[in-house]
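Read the structure below first, then the notes.
Read-outs throughout are calculated quantities, based only on the coordinates presented, and are distinct from any laboratory measurement. From a predicted model like this one, the values you see are computed outputs, not experimental measurements. Cβ sites come from the backbone with ideal geometry, for glycine too, and all protein chains shown count toward neighbours.
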Amino acid sequence: MNIAITGEGIICAIGADKASVLDSLRRKQTGIDTMRYLPSEHKELPVGEVKMSNDEMKSLLGFDASQEVSRTSLMGMLAVRQALEDSGYLSAENGNLSPLTTHHSPLKIILISGTTVSGMDVTERHFTELRTSDVNLWCLDYHNCGDNTRQIAEYFGCFSEYTTVSTACSSAANALILGAEMLKAGEADVVVAGGTEALSVFHLNGFNSLMILDKEHCRPFDETRAGLNLGEGAAYVVLESEEHARQRQASVHAYLTGYGNACDAFHQTASSENGEGAFLAIQEALTMAGLKPSDIDYVNAHGTGTPNNDLSESVALCRVFGEQMPPVSSTKGFTGHTTSASGSIEAVICLLAMHHGFLPANLGWHQPMAGGIIPTLGEDNHVLRHVVCNSFGFGGNDSSLLFERNVESGKWKENTSATDILPHDRPLTSHPSPLTSICELARVEITPESDLSEIRDFVKPLEARRMGKLMKASLLSSLKALRQAGIDCPDAIITGTSLGCWENTEALLTQIEQEGEVMLSPTNFMQSTHNTIGSNIAIRTHCHGYNITYTQGDDSLAWALRDARRQLASGRCKTVLVGCHDETTPLYRSLLDRLGITNLPSIHSISIVLTAV
Amino acid sequence: MEELILELKQQIIEALNLEEMTPDEIDTDAQLFGNDGLGLDSIDALELIVLMEKRYGIKLANPADGKAIFQSVRTIAEYVNENRKK
């Protein structure tokens, strides 16, 4: 199945829609500036903010100014709306989405969103008062990543399902990969996939504790690079089968012809010296697209501007492309590092570059770095047919997307509106997964009564030094399940979690509350990222295979199992480790108690090993 | 100096959560980082930077500066002795 892209929406530091982003890219105008909207003390740190207040966004979306909505949700809604309009699924005139139907049944239209920060901006505004006042307890429900996606989906009311992917800075790229997989498996007719992430005091200080924020404008791939600038934004694309797009006479902007998801399995925050995860992800994308390295016309690098990423990514690029290095640039000098949204923001930048025939500039670059690639400083009139877009996350969750320009469409035409979808005779979901029998090889469950000291059987105390109770429980249940199944290294690790290591998140929120924006504990920040659970297991098992984390509240395990079935049915994986892991703290339980949610365990971890037979 | 060395070992055990280790088990001159010594990594180095700031008022602006200072407990002790603000 050819995966067609028929619409895009974007909001970031260099523009609030495709036209303004394109204009800034061509004028080489950065959006990184002095902090204006984020209420942080660290005014010395330049940031790539969306140049709009929450109230301005609310007004554009028809919310009352008094209604509290997370900035992450607001940006997500704005970008999803643009993507739906662009694809013709939402008519710009009336702003309404009528229930979409085909000749046979309602369209299965799914929202897949990548986010990690989610409602943190709201949580940190109210954290102090939560202990004593019930007024804003609602924000506990609002905090988790899955709820952010729910809000966006419900705003439009047209989505039959929605889910959330949290693999840190590769979240949005993985959302696109998941979307393509669901289309191919016949689980969706249309997918809106991307990511959204607002700046928060929490993660600005978290990145600061890792000492990877540059006080100057970032300089990816430059010898003098000294870190990244954080940014924010959202971007989504509309994916559907080429057949579906043709049937409704939609304009196909490009195709997602290849993608790869691999795990570096090296370290929670650092990339390996040989860039193994990145190398595998790019290779996988090329193989799927049936292309040679020399076919690639441009690479949009992850290129954060940290000494470690840019060196490791350069090594990976050299391993893939050798002497035939295509033009490469990081566009983070325009947008800042938009973390969970960067995969889709940079995907849309690639689509704009392909359509308008130019190479985006690597702003800030002056001096070649030892062992580094030489990035392009931008070039007009450059035909781009095949483009690679890299997104790498903490834990070594590395993903690459490969796009092909639709050479037939000289010009993107306006897509027809939703009401013009033509009826057709064949059901759209004519690509069922092959019938695969799935067998459960092992299952291990860990509850508060379990003995976590058993972890000693698997890892040395020194290796467990940074693991809180959830990291220990998830690793223990996983390693025990794998041992029961007689497997050292699974082909894929698929994780579900509602809140991730909440103990670490709460510790950081408490530290900011009590000590202010000081040097926080880097360990707590690192562990607060949801995908540390899955990547910790990958590091222990040396698993470089598919690695993804679902954060869809109570449905996280169900989504993880669905993905496992897809992986096994596709034949790509013989064994998959699926897990779901969550924890609570005394404070969190006391807050939920006041909401009438009682008897939550302090820990619950379940790991299942599945195989295809 | 010996007093500071013992204090540092206790601080390191606490800051890095080195469960089950006692100050006696950390050799004052052993390499803290890399495979030959204790096996600490970049995140531990950042935790040590936080420790330096909180406990001794020493600000290290560049994580690369830590490399020479954090070689062993003795090199840390010498640096703290000369640069401590509290």
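Modelled label positions at residue A:440 and residue A:292, each set 7 Å beyond Cα in the direction of Cβ, lie 4.9 nm from each other.
Spacing of the modelled spin labels on residue A:66 and residue A:42, each 7 Å from Cα toward Cβ, amounts to 3.5 nm.
Which of A:582, A:295, A:593 comes first, and how do the rest follow, when ranked by fewest Cβ neighbours within 10 Å? Kindly include the intermediate steps, with their values, before the conclusion.
On the way: A:582 25, A:295 15, A:593 12.
Fewest-to-most ranking of A:582, A:295, A:593: A:593, A:295, A:582.
Which pairs break 19 Å Cα to Cα here: A:28/A:292; A:43/B:85; A:332/B:59; A:215/A:332? Please list the in-between numbers first.
Working: A:28/A:292 31 Å; A:43/B:85 26 Å; A:332/B:59 29 Å; A:215/A:332 15 Å.
Those over the limit are A:28/A:292; A:43/B:85; A:332/B:59.
Work from the charge dipole of the protein assembly as shown (Cβ charges, +1 for Lys and Arg, -1 for Asp and Glu, about the Cα centre) and give the residue of A:406, A:174, A:552 farthest towards its positive end. It is A:406, whose Cα lies furthest towards the positive end.
Given R₀ = 51 Å, what would the calculated FRET efficiency be for residue A:273 paired with residue A:20, taking r from the Cβ atoms and rounding to 0.05?
Values: r = 39 Å, r/R0 = 0.77.
It comes out at approximately 0.80.
Which ordering of A:162, A:37, A:298 is given by a fewest-first count of other beta-carbon atoms within 10 Å? Walk me through the numbers on the way to the answer.
Working: A:162 21, A:37 16, A:298 24.
With the sparsest Cβ surroundings first, the list reads A:37, A:162, A:298.
Segment residue A:131..residue A:590, full-extension length gain: 164.4 nm, with 0.36 nm per residue of separation and the alpha-carbon distance subtracted.
Which trypsin sites (Lys or Arg not before Pro) from region A:43-90 combine a DSSP loop assignment with at most 13 other Cβ atoms within 10 Å? Within region A:43-90, the qualifying trypsin sites (Lys or Arg not before Pro) (loop, at most 13 other Cβ atoms within 10 Å) are A:43.
When Cβ neighbours within 10 Å are restricted to other protein chains, what is their mean count per residue of peptide B:42-51?
On the way: counts 8, 14, 4, 2, 11, 7, 0, 4, 7, 1.
Average per residue, whole number: 6.
At R0 = 22 Å, how high is the FRET efficiency between residue A:318 and residue B:41 if r is their beta carbon distance? Nearest 0.05 is fine. Please report the intermediate quantities before stating the final value.
Working: r = 25 Å, r/R0 = 1.14.
Calculated transfer efficiency: 0.30.
Label positions at residue B:61 and residue A:554, each projected 7 Å from the Cα along the C-beta direction, are separated by 5.3 nm.
Under a model in which nothing but the beta-carbon of Lys, Arg (+1) and Asp, Glu (-1) is charged, the protein assembly as shown shows a dipole of about 1060 debye around its Cα centre.
Determine the shielding of peptide A:457-466 by partner chains: average, over its residues, the number of Cβ atoms on other chains within 10 angstrom of each Cβ. Each step should come with its number before you reach the end.
Working: counts 0, 0, 0, 3, 5, 9, 1, 3, 11, 6.
Neighbouring Cβ atoms belonging to other protein chains average 4 per residue here.
A Cβ-based charge dipole, computed about the Cα centre of chain B with Lys and Arg at +1 and Asp and Glu at -1, lands at about 620 debye. A straight Cα-to-Cα reach below 21 Å connects residue A:469 with the lysines A:460, A:480, residues fewer than 8 places away in its own chain not being considered.
Which is farthest toward the positive dipole end of the protein assembly as shown among A:367, A:255, A:604, measuring Cα position about the Cα centre, with Cβ charges +1 (Lys, Arg) and -1 (Asp, Glu)? Comparing the listed Cα positions along the dipole, A:255 ranks first.
Selection among A:15, A:266, A:533 by position relative to the dipole of the protein assembly as shown gives A:15 as farthest towards the positive end (Cβ unit charges, Cα centre).
Taking the Cα centre of region A:501-568 as origin and assigning +1 to Lys and Arg Cβ atoms and -1 to Asp and Glu Cβ atoms, the resulting dipole is close to 620 debye. When the alpha carbon gyration tensor of chain A is reduced to an equivalent ellipsoid, the three semi-axes, largest first, read 33, 28, 27 Å. Note on residue B:7 and residue A:33: with the Förster distance fixed at 56 Å, the Cβ-Cβ geometry gives a FRET efficiency of about 0.80.
In what order do A:320, A:613, A:237 fall by count of nearby beta-carbon atoms within 10 Å, going from fewest to most? Present the calculation step by step, with values, prior to reporting the outcome.
On the way: A:320 24, A:613 9, A:237 30.
Going from least to most buried by this count: A:613, A:320, A:237.
What does the C-alpha gyration tensor say about the overall shape of region A:484-533? Classify as rounded when a/c is under 1.5, otherwise prolate if a/b is larger than b/c, or oblate. Prolate, because a/c is 1.5 or more and a/b exceeds b/c.
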